[in-house]
Amino acid sequence: MMNSDFWRAFVRNKGAVLGLVILIAIVVLAVFASVFFPGDPWEMATAPFQPPLSEDALLGSDMLGRDIASGIAHGARVSLLIGLTSTAAALAIGVTLGALAGFHGGKVDDAIMRFTELFQTIPNFVLAVVLVAIFTPSLTTIVAAIAIVSWPPLARLSRAEFLSLRSREFVQAAITTGQSNGTIILRQILPNSLSPIIVSASLMVATAILLESSLSFLGLGDPNAMSWGYMIGAARTVIRQAWWMSVFPGLAIVLTVLALNLVGEGLNDALNPKLARSRG
Amino acid sequence: MSQFDLMRTPPETAAMITPLLDVRGLSIALPPGADRPLAVDNLTFTLNPDEILCVVGESGSGKSMTAHAMMGLLPAPHVRVAGGSLLFKGKDVLAMPEAEQRSLRGGRIAMVFQEPMTALNPLMRVGRQIGESLREHTALPAPARRARVVELLDQVGLPNPAELAEAYPFRLSGGQRQRVMIAMALACQPDILIADEPTTALDVTTQKQILDLIRSIQAERHMGMMFITHDFGVVAEIAHRVAVMRHGKLVEYGAASDVLNRPQHAYTRQLIASVPHYIEHRDDHAKAGAPLLVADKVRKVFHVGGGLFKKSKEVVAGDDLSLTIHPGETVGLVGESGSGKSTLGRSIVGLIKPDSGRILFEGTDLLALDRKGFRPYRRAVQMVFQDPYASLNPRHRVGDIVAQGPVAFGEDRTRALTRARELLALVGLDGSAADRFPHEFSGGQRQRIGIARALAMEPKLLVADEPVSALDVSVQGQVLELLDDIRRRLNLAMLFITHDLRVAAQVCDTIAVMRRGRIVEMGTAREVFTHPRDAYTRSLLDAIPGKSWHIPDDLQKVKTGSGLAGAH
């Protein structure tokens, strides 16, 4: 019953439906990348500097004759993979710390929040660059770096949720009926605080994809994985001669991030129906 | 008494004068998908000058909607007037152009809201807020307006009116804010004052002062007043005429003396029968054996605000609190908001750790125990919470909610669930309730679930923190009866925390009256109600609305006949 309500509210937001369609298309592209574009995206497929709509290369080819379309399809894998895993990691860190801080309050809260603020005072991107540079670029280090710079907002959010839910009577009832702290956190409070966390996590996937693209643009991407950021970075020197090399991967980033934002907003409307209604 | 009798007759014969307000066939439509199509259905009544009309009903009866329709406060376009007319001195308000309606509202018709804490703009000085409507509706120059504001503040009985006009709302107490709201409503000398539950959010002694003020101002200015309330005590206190509403329909309408003493409609009779009455206290409890719980000089200080470089402020929530509860005894802890009664209740169930003192349960000091040592006592002391909407986890099924406690203490899950169903039946819910979610239940039903959850632990002492104050009066009666019934059947001791003396009188053997963190008087219900020793207790008793009104005898019988008959 709750599911059908959720869908009705989600579908009411036309933008969210559009975002979901785009997102599904990108996921399909990523999953079936090797079916649509068999072979290594790093391999030379045709002559270099082929414009779009030429033979063998729908979206043109780059300086080394690699197929841009194939790069975008395989790059979608990397982008989505990094976006999802780094968000999952950030969630694990952020929600755990936020939950502990919000639930216990007092000194625990103070300690955790000062630690969080420490991370928030350092500019995200600079920290990510430094971390990736120190630990040599690979998928794992990139995911870790992105997760490490993006958990603080999640920690603050879940702390706020836990703080307010903690004083609710059903939580106090759980305390008086002798339930353990772990049970109370996981079974009583967490399910009730999930809505805003899910919404901001969906937006965080978009930020993570942007971060990854920026890192790759600077040449700090995984050297073995084709990535949209890398494609733009490599093509920037020839942007006047061959616009397609940077425009198509750029569009891919824009579309993905836009789709994720639209979906995030739709989730927000569907999961926080009261807020959505008051906005008219 | 004499004043009470005088009030029963409207000051003038209604036929002679044109009514101030004539509501004819008013219907207000709710948006599709609401629980009923019409919030207010074909409502007809009149309001005469120099008359207080009380509109009574439970939540969702449409009484506030009616007032909001008059003030143009309906949340358009979702809720709108679907038919009928509102005649003010013979002219239809709803047919007037927007500008004319506006000058009427706030000018000729003014309104006082329920929640004085939110009805004032927190960033505006009190005087300026009152001056606003003067500026809007009169041609007075600024100095004259200021003088008028001070005069108004003086009239509503506020001390140092000139100084107070310069204060911000946060510096005023709830009662003072409500007085400011009344001053604001009176600013343009309205013909009609609409008051929407103006005393519901206030403590009982403050309520009495505000009711006295409203009554004297109304009489002085010969205003027509529409007073919306759910409390028949308040009705008995001030009404000339009464309109009883239910599900958007007017079910009974007549002079106050008729409706209060000779109610005709079955619903009115039921409502009046469920009004808790302070006269009916129980026989003294025979205190047998050793006390179950002894609170000994419990003290709790809260630290408010403060930070790294700022010293926090100390608020003494409870000081030198001592009381005893015997097995099977119901002790009422009565006091106004902020008196520290919940602090003591929460200390006993272990939600708050007092700073000093002892809480002995069957001889063991609970405060001296560590977390592990306290755990066995969790079962023995259980709590029923105030807000039935917040005290059940919305994501869990009712059966789980009831069974969670025993499961946490190692009981087999299927056994606990079976027991949960039995308990739900015990508190008067259907067995199928266990598989549903809390939002599918009404407030009273949820409170029953909360009681079942507490009983699942097989407690010896039940701490009930304002268990009925969020419920409508008819539901309130049922839940109180259930608590009383269970208490007797299971021989439970109960600490019953309430702000409402009438409720305490109904269920408690012993009463402790709290004020500002201290117990000022403790004794059997009979002693406290018939021979109060403390001045504060006397003022509390004196403030109970509708004291001089006696519930008709035949209705008192209706009440004791339902379910409790076997007990006496």
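Read-outs: derived from the displayed coordinates by stated rules, not from any lab. These figures come from a predicted structure and were not determined experimentally. Ideal geometry is used to build each Cβ from the backbone, glycine not excepted, and the neighbour counts take in all protein chains shown.
For A:Met226, B:Met124, what's the fewest-to-most ordering of other Cβ within 10 Å of each Cβ? Walk me through the intermediate numbers first.
On the way: A:Met226 24, B:Met124 14.
The fewest-first ordering by Cβ neighbours comes to B:Met124, A:Met226.
Going by neighbour counts of Cβ atoms within 10 Å, the residues A:Glu43, B:Glu521 line up, fewest first, as A:Glu43, B:Glu521.
Average partner chain C-beta neighbours within 10 Å, per residue of B:399-405? Write out the running numbers ahead of the final one.
On the way: counts 0, 1, 4, 1, 1, 8, 6.
What the average comes to for B:399-405 is 3.
Under the combined filter of DSSP loop state and at most 15 neighbouring Cβ atoms within 10 Å, region A:109-153 retains these chymotrypsin sites (Phe, Trp or Tyr not before Pro): A:Phe135.
Put simply, when A:145-155, B:431-441 are sorted by average Cβ atoms within 10 angstrom per residue, most first, you get A:145-155, B:431-441.
Applying the criteria of a DSSP loop state and at most 15 other Cβ atoms within 10 Å to the GluC sites (Glu not before Pro) of region B:152-255 yields B:Glu166.
Its Cα centre serving as origin, region B:31-137 has a Cβ charge dipole (Lys and Arg +1, Asp and Glu -1) of approximately 320 debye. Remark: mean inter-chain Cβ contacts per residue of B:492-501 equal 0, using a 10 Å Cβ-Cβ cutoff to other protein chain atoms. The alpha-carbon of B:Lys460 sits under 14 angstrom from the alpha-carbons of these aspartates and glutamates, leaving out residues fewer than 8 places away in its chain: B:Glu329, B:Glu362. Spherically averaged projected area of the convex hull of Cα atoms, region B:86-154: 6.1 nm².
Using a Gaussian network model of chain A in which every pair of alpha carbons under 10 angstrom is joined by a spring, one finds that among A:Leu81, A:Leu64, A:Leu215 the greatest mean-square fluctuation is at A:Leu64.
The magnitude of the dipole of chain B, with charges of +1 and -1 set on the Cβ of Lys/Arg and Asp/Glu and taken from the Cα centre, is near 1400 debye. For region B:440-568, the fraction of alpha-carbon pairs lying more than 20 Å apart is 52 percent, rounded to a whole number.
Dipole of region A:69-278 computed with +1 at Lys/Arg Cβ and -1 at Asp/Glu Cβ about the Cα centre; of A:Ala73, A:Asn124, A:Leu215, farthest Cα towards the positive end is A:Asn124. When both region A:183-250 and region A:30-86 are represented by their alpha-carbon centers, they are found 17 Å apart. To the nearest ten degrees, helix A:190-217 and the longest principal axis of the Cα atoms of chain A are 30 degrees apart.
For the pair region B:194-264 and region B:312-391, the centres of their Cα atoms are 37 angstrom apart.
About its Cα centre, chain A has a charge dipole of approximately 1000 debye under the convention of +1 per Lys or Arg Cβ and -1 per Asp or Glu Cβ, with nothing else charged.
Selection among B:Pro276, B:Val93, B:Gly318 by position relative to the dipole of the protein assembly as shown gives B:Gly318 as farthest towards the positive end (Cβ unit charges, Cα centre).
Between the Cα long axis of helix A:68-104 and the first principal axis of chain A there is an angle of about 20°, rounded to the nearest 10.
How far is helix B:174-186 tilted off the main Cα axis of chain B, in degrees rounded to 10, range 0 to 90? Here the helix axis deviates by roughly 10 degrees. Using the Cβ-Cβ distance between A:Lys14 and A:Ala111 with R0 set to 41 Å, the FRET efficiency from 1/(1 + (r/R0)^6) comes to roughly 0.35.
When Cβ neighbours within 10 Å are restricted to other protein chains, what is their mean count per residue of peptide A:177-184?
So the per-residue partner count for this stretch is 6.
Could you list, in their original order, any pairs among B:Lys208/B:Lys313; A:Lys14/B:Lys63; B:Lys63/B:Lys341; B:Lys300/B:Lys547; B:Lys91/B:Lys249; B:Lys91/B:Lys547 whose Cα atoms are separated by more than 28 Å? Those over the limit are B:Lys208/B:Lys313; A:Lys14/B:Lys63; B:Lys63/B:Lys341; B:Lys300/B:Lys547; B:Lys91/B:Lys547. Estimated purely from DSSP H runs of n ≥ 4, each contributing -39500 (n - 2.57), the mean residue ellipticity at 222 nm for chain B is -11000 deg cm²/dmol once divided by its residues. With bins 10 Å wide beginning at 0, the percent of Cα pairs of chain B falling in each bin runs 3, 15, 24, 25, 19, 10, 3, 0.
Counting Cα-Cα pairs of region A:69-278 in 10 Å increments starting at 0 gives whole-percent bin shares of 9, 29, 30, 20, 10, 3, 1, 0. Applying a DSSP loop filter and a limit of 12 other Cβ atoms within 10 Å to the trypsin sites (Lys or Arg not before Pro) in region A:228-274 leaves A:Arg240.
Rounded to the nearest whole angstrom, the semi-axes of the ellipsoid equivalent to the protein assembly as shown, taken from the Cα gyration tensor as √(5λ), stand at 59, 37, 26, largest first. Panel order for B:Cys188, B:Cys508, by other beta carbons found within 10 Å of each beta carbon, from fewest to most: B:Cys188, B:Cys508. Only one residue of A:Met204, A:Val17, A:Met113 has its Cα farthest out toward the positive end of the dipole of chain A, where Lys and Arg carry +1 and Asp and Glu -1 on Cβ, and that residue is A:Met113.
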